[in-house]
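Novice: Sharing a structure here in structure tokens format.
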């Protein structure tokens, strides 16, 4: 069994037995009084119980990266950082920098990086029989202000990265469903589900516009993919591999 916590925006945490995976954590403030990860905030004391903590950052944009993550190693020395190489930091202990097309084995994790349509990388992580994809800023950026040529370039870029995953069996996918794209918010998620058919699709990159996740789930009907509806920060999703 795996527990997924929606932290905020594109930030998620996955608890697999005694291991914690954290992706794109940035919002470190909260008025919530819920305990632990259910608050949507990670404090160092939350991490002491895990054998290993793996922290992934897809790129340096401030809504995906907060240097506070490096404080966590003071509470759990077995905290590892997998960072896109556009991130600049003086912290070097247990840090691995990655770029598009890298493959590495870190303890029991197998990590492959893919490209993006913005900055940095996207991640495919395999662990304990699970396959997890986090898109970062890989999205179909169909802005209404773009020219026809720009729109075609964005479409080609997104589809070109997704097609690289065609032969992968993905259990959980975190992909942007961004309300700023207005009526085009669903394009990336719909295409990803149609092409890759993950077991569970979890929307990201929507800030506090939780309603967009319900709207997306109502729009997308797939017999192969369950689509999560996120209603609050810190929401927990239980996943059991089929």
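The values are calculated or read from the model by the stated rules, or taken from the named source; none is laboratory data. Everything quoted here is computed from the prediction, not taken from an experiment. Heads up, the Cβs are rebuilt from the backbone with ideal geometry, glycines too, and the neighbour counts pull from every protein chain shown.
Novice: Tell me which residues, restricted to the range 4-29, are touching a residue at least 40 places away in the same chain (Cβ under 8 Å), in contact with a helix residue (DSSP H, G or I) (Cβ under 8 Å, 6 or more places away or on another chain) and in a strand (DSSP E or B).
Specialist: 5, 7, 22
Novice: Right, next: Considering only the range 84-113, state which residues are under 19 Å from residue 69 (Cα atoms) and in a loop (DSSP other than H, G, I, E, B).
Specialist: If the condition is that a residue be under 19 Å from residue 69 (Cα atoms) and in a loop (DSSP other than H, G, I, E, B), then 85, 86, 87, 88, 89, 90, 91, 92, 93, 94 are the ones that fit.
Novice: Can you pull out the residues in the range 220-231 that are modelled with pLDDT under 95 and either surrounded by fewer than 15 Cβ atoms within 10 Å (Cβ to Cβ) or in a helix (DSSP H, G or I) (or both)?
Specialist: Narrowing the range 220-231 to residues modelled with pLDDT under 95: 220-224.
Hits for the range 220-231 are 221, 222, 223, 224.
Novice: Take residue 79 and tell me if it is at pLDDT below 95 and surrounded by 15 or more Cβ atoms within 10 Å (Cβ to Cβ). Step through it out loud before you land on a result.
Specialist: On the way: at pLDDT below 95: no; surrounded by 15 or more Cβ atoms within 10 Å (Cβ to Cβ): yes.
The answer is no for residue 79.
Novice: Looking at this structure, is residue 65 in contact with a strand residue (DSSP E or B) (Cβ under 7 Å, 6 or more places away or on another chain) and either on the phi > 0 side of the Ramachandran plot or part of a strand (DSSP E or B) (or both)? Reasoning before the result, please.
Specialist: Working: in contact with a strand residue (DSSP E or B) (Cβ under 7 Å, 6 or more places away or on another chain): yes; either on the phi > 0 side of the Ramachandran plot or part of a strand (DSSP E or B) (or both): no.
So residue 65 does not fit the description; no.
Novice: Something else now. Please go through (1) touching a residue at least 24 places away in the same chain (Cβ under 8 Å); (2) under 27 Å from residue 37 (Cα atoms); (3) more than 18 Å from the chain's Cα centre (by Cα) for residue 189 and return the number of the only condition it doesn't satisfy.
Specialist: That leaves (3) as the condition not met.
Novice: Being under 17 Å from the mean Cα position of the chain (by Cα), outside any loop (DSSP other than H, G, I, E, B) and farther than 19 Å from residue 134 by Cβ is the filter here, so list the residues in the range 200-216 that pass it.
Specialist: Once the filter is applied, which keeps residues that are under 17 Å from the mean Cα position of the chain (by Cα), outside any loop (DSSP other than H, G, I, E, B) and farther than 19 Å from residue 134 by Cβ, the range 200-216 yields nothing.
Novice: Taking the residues in the range 186-209 that are surrounded by fewer than 18 Cβ atoms within 10 Å (Cβ to Cβ) and closer than 24 Å to residue 43 by Cα as candidates, determine which candidate is modelled with the highest pLDDT.
Specialist: That would be 207.
Novice: Does residue 154 satisfy the criteria of being part of a helix (DSSP H, G or I) and farther than 28 Å from residue 126 by Cβ?
Specialist: Numbers: part of a helix (DSSP H, G or I): yes; farther than 28 Å from residue 126 by Cβ: yes.
Yes: the conditions hold for residue 154.
Novice: Failed condition for residue 128, given (1) at pLDDT below 95; (2) within 16 Å of residue 10 (Cα to Cα), with all others met?
Specialist: (2)
For (1) buried (at least 16 other Cβ atoms within 10 Å of the Cβ); (2) touching a helix residue (DSSP H, G or I) at 6+ places or on another chain (Cβ under 6 Å); (3) in contact (Cβ under 8 Å) with a residue 24 or more places away in the chain, each residue gets a yes or a no:
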{"site": "89", "(1), (2), (3)": "no, no, no"}
{"site": "111", "(1), (2), (3)": "yes, no, yes"}
{"site": "115", "(1), (2), (3)": "yes, yes, yes"}
{"site": "125", "(1), (2), (3)": "yes, no, yes"}
{"site": "129", "(1), (2), (3)": "no, no, yes"}
{"site": "141", "(1), (2), (3)": "yes, yes, yes"}
{"site": "145", "(1), (2), (3)": "no, no, no"}
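Rundown of residues vs (1) without any contact (Cβ under 8 Å) to a residue 12 or more places away in the chain; (2) over 21 Å from residue 237 (Cβ atoms), yes/no style:
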residue: 137; (1), (2): no, yes
residue: 161; (1), (2): no, yes
residue: 175; (1), (2): no, no
residue: 178; (1), (2): no, no
residue: 183; (1), (2): yes, yes
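Novice: Still on this structure, please answer the following. With the checklist (1) on the phi > 0 side of the Ramachandran plot; (2) in a helix (DSSP H, G or I) in hand, flag the one item residue 46 doesn't pass.
Specialist: The one condition residue 46 does not meet is (1).
Novice: Restricting to the range 32-49, give me the number of residues that are surrounded by fewer than 18 Cβ atoms within 10 Å (Cβ to Cβ) and either within 25 Å of residue 110 (Cα to Cα) or touching a helix residue (DSSP H, G or I) at 6+ places or on another chain (Cβ under 8 Å) (or both).
Specialist: Of the residues in that region, 6 qualify.
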